Each structure stands twice: as structure tokens, then as C-alpha cells.
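Remarks on the structure that follows.
Readers should treat all values here as calculations from the given coordinates under stated rules, not as data from a laboratory. Remember, it's a predicted structure, so these values are computed and weren't measured experimentally. Ideal geometry is used to build each Cβ from the backbone, glycine not excepted, and the neighbour counts take in all protein chains shown.
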Amino acid sequence: MLDLGINSGSISYEVALEVLGQSRQPFMQAIYKEKQKSVPSQVFIRYCENRLAALDEIQETLQPTDLATIERILTKGDLVFKVQ
């Protein structure tokens, strides 16, 4: 993990929380667009809602000491978090 100085861990933790928050946007947009259709796919909406719930859970429970998870969140190309 990139060393950002004396508060590196705290900074990485805060950035990871921000990344998780930003990761919600595509799912919220997808739900909105799907609901605008004449026949929205309830399966797709549920999928997006479940992804949002998972992001909420990790945001609420992530601790500054969860270094491996924080690193994965911040790693571009990680298949789980798909940070671009």
C-alpha cells in the first residue's frame, strides 16, 4: 500500500470509504433508468439493490485496521471492487 506519511492508514481508510460511496452511483443510476422503462426488470432492480446493500454493509463495518480489504478497495482492476 502507498505510504502517505504519518497518517497513511487513516488517509487510506478515508479514501476507501469515499471509493465505496462512489461505487454506489452506477447502481443507483441503473435502478433509476430501469424503473423508467415500460416494463422494468424486477430481477435487475433487485440485483442492483443487493449490490447497494453490500456496499452499505462494508462501508458501515470497515475498520481502519482492515488493511487487506482497504488495499483491495484501492487497487485498480480488482475484480471484486472494480475500481477504474
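Toward the positive end of the charge dipole of the chain, with +1 on the Cβ of Lys and Arg and -1 on the Cβ of Asp and Glu, the farthest Cα among 21, 36, 69 is that of 36.
For the range 8-74, the alpha carbon convex hull comes to 66 Å³ per residue, rounded to a whole number.
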